[in-house]
Each structure stands twice: as C-alpha cells, then as structure tokens.
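Rule-based calculations on the coordinates, nothing more; no lab input. Please read all numbers here as calculations on a predicted model, not as lab measurements. Note: ideal-geometry Cβ built from the backbone for every residue, glycine included; neighbour counts use all protein chains shown.
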C-alpha cells in the first residue's frame, strides 16, 4: 500500500467501527494474499510467468493474490509448486 493509503487505512481502523470489523473478518484472506505475493516475489516471477507455470491465466493469478476469495487446495498446491515453495497448513489456538 502507498503511504497515503496506509494512513487512511489506519485512520479508518480507529475511526470507523464497521470498517474495522469488516477488515478483521477478512484477516485470513489478506494474510493468505500477502503470503502468495511474497512467494511469487521470492521466486522472481511475474504474474504472467507464474500463470504459465501453473497452466492458467494471469487474471487467475491476480484473483488468487487479491484476497477477494479463498482458493482451493488444488490451486494453492499448484501455486506452491510453480513458485518452488512448500505449502503448510496449520491451526492455532
């Protein structure tokens, strides 16, 4: 996020309870999106290159990285394989 966007986001988290609740409800999606993007960057691939390795389209990779929906385990496995990453799923208490 750009600096202005980050500042606005922090202001809204403090000043808008509905925004803060909606953001908290999507924490897992945002965390997953960040991890996917970090894996792609570590691998040195663009979205288009990653899509080619996964056998999908760049727009599909963009959707995975947007955090707007939860991908299937199959998609996550293909993403991990294409980025040379190891996928781990765990539960915390």
If I take every Cα pair under 8 Å that is 6 or more residues apart in segment 1-87, average their sequence separation and divide by the length, what percent do I get for the relative contact order? 26 percent
Rounded, prolate or oblate: pick one for segment 1-41, where a ≥ b ≥ c are the square roots of the eigenvalues of its C-alpha gyration tensor, a/c under 1.5 means rounded, and failing that, prolate if a/b is larger than b/c, else oblate. oblate
CD proxy, 222 nm, the chain: helix-only mean residue ellipticity via -39,500 (n - 2.57) per DSSP H run with n ≥ 4, per residue, nearest 500, stands at -22000 deg cm²/dmol
Looking at the square roots a ≥ b ≥ c of the eigenvalues of the Cα gyration tensor of segment 50-93, which shape do they give, rounded for a/c under 1.5, prolate if a/b is larger than b/c, or oblate? oblate
Can you give me the distance in nm between label points at residue 90 and residue 8, each placed 7 Å from the Cα along the Cα-to-Cβ direction? 3.7 nm
Residue 66-residue 80 pseudo-label distance in nm [points 7 Å out on the Cα-to-Cβ vector]: 2.5 nm
Distance between Cα centroids, segment 59-93 to segment 1-57: provide it in whole Å. 13 Å
The exposure ranking of 93, 72, 43, fewest beta-carbon neighbours within 10 Å first, is 93, 72, 43
